[in-house]
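A quick write-up on the structure given underneath.
Rule-based calculations on the coordinates, nothing more; no lab input. Worth saying up front: this structure is predicted, and the values here are computed from it rather than measured. Reconstructed Cβ throughout: ideal geometry from the backbone, glycine too, with neighbour counts over all protein chains shown.
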């Protein structure tokens, strides 16, 4: 039986050459030329001054929140509809998340965010105070869901108005950028105070594991590198003046990343082509449609979200039928404000997130997906709902 996975890596470039070169150099751990090269080439691609290679996107988010001044007892605004890794680092710092709803793009609902800040918070000399809890809200984590850019212009205006720091979780959005407006040409992850990318195995490019942190302020990026390498002040005599972390990417991972980055624009072309073909074919099936990506952007089209309007079949029934036909699909993450570790945290008017969680199924989107594969998937979807 033919099997089509949801999202797998695509090694069509110099991955083997670079990784073997790193092995032969014996620099396989958290030092080596490929780490520096990967950072430099990511910086060049994103048109920024400095990038810091880290162990994972989660590690980058943890460092980012810490560097933006989130302290124990503070609060951080996060979306409920996202992978839990965007939320867990808030707890690492003994701070508390406040959960926000999504809009029809699946990204954070800007209108509800502003409504919450206006009606529930007040600016004080200590910062923005949550009138319900008495805690200071330090930052917003905005996630560009499935590579779809959130409304950063509105979000940054709100952040400035309420004196909030912004960390962009661009772990799914490497390559997504604005093509019009105030941030024309700016990539996801380079607009807020800090941006974080992930190179997990299912991302548009992969290092197996690993991530990258970028910052508008180069001093913050430099401090992130310092903290990620165990806050080493003297590498010979092992002097450490701050608590640090073992968060540095390995040279082997970076070698893979350099080769993958060389293919990124090609991968985006493939993702775009397959998305458009899916969209055209699925539009002919009553009760189903692919969710759109934002206007005024060039998305990376990382994941394709099938919206099930058809009452004849549920999300889970369709998932099961497609699995039986050799097609791997995935529901959206379970909403974070309902997760056991966050049950007691405040969630503001969550409605659309629950609606989309029940109705959306992610369908195969690998960059090695052929036109024949796309047609095969759609045909099996069609037969599953008849």
Peptides ranked, highest mean first, by Cβ atoms within 10 Å: ranges 189-200, 328-339: 189-200, 328-339
Bridge type composition, the chain - antiparallel percent by DSSP, nearest 5: 60 percent
Where Rh is the Kirkwood radius over Cα pairs, Rg/Rh for the range 15-261: 0.99
Estimated FRET transfer efficiency when R0 is 41 angstrom, pair residue 94-residue 324 (beta carbons, to 0.05): 0.35
Inter-part distance where the range 337-359 and the range 1-44 are each reduced to a Cα centre, Å: 37 Å
Cα centroid separation - the range 210-256 against the range 300-322, whole Å: 41 Å
GNM top mover of 272, 30, 124 - the chain, alpha-carbon springs below 10 Å: 124
Top of 70, 87, 23 by mean-square fluctuation, Gaussian network on the chain, Cα under 10 Å: 23
Packing-based exposure ordering (other Cβ within 10 Å, fewest first) of 383, 14: 383, 14
Stokes-Einstein D in µm²/s, Kirkwood radius over Cα pairs - the range 120-240 at 4 °C with 1.567 mPa s viscosity: 79 µm²/s
Ranked list, fewest to most other Cβ atoms within 10 Å of each Cβ, for 342, 187, 38: 342, 187, 38
Most mobile listed residue (362, 274, 184) in the chain, GNM with C-alpha springs under 10 Å: 184
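Take the Cα gyration tensor of the range 296-386, multiply each eigenvalue by 5, square-root it, and list the three semi-axes largest first, rounded to whole angstrom.
28, 17, 12
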Alpha-carbon centroids, the range 137-154 and the range 178-202: separation in whole Å: 10 Å
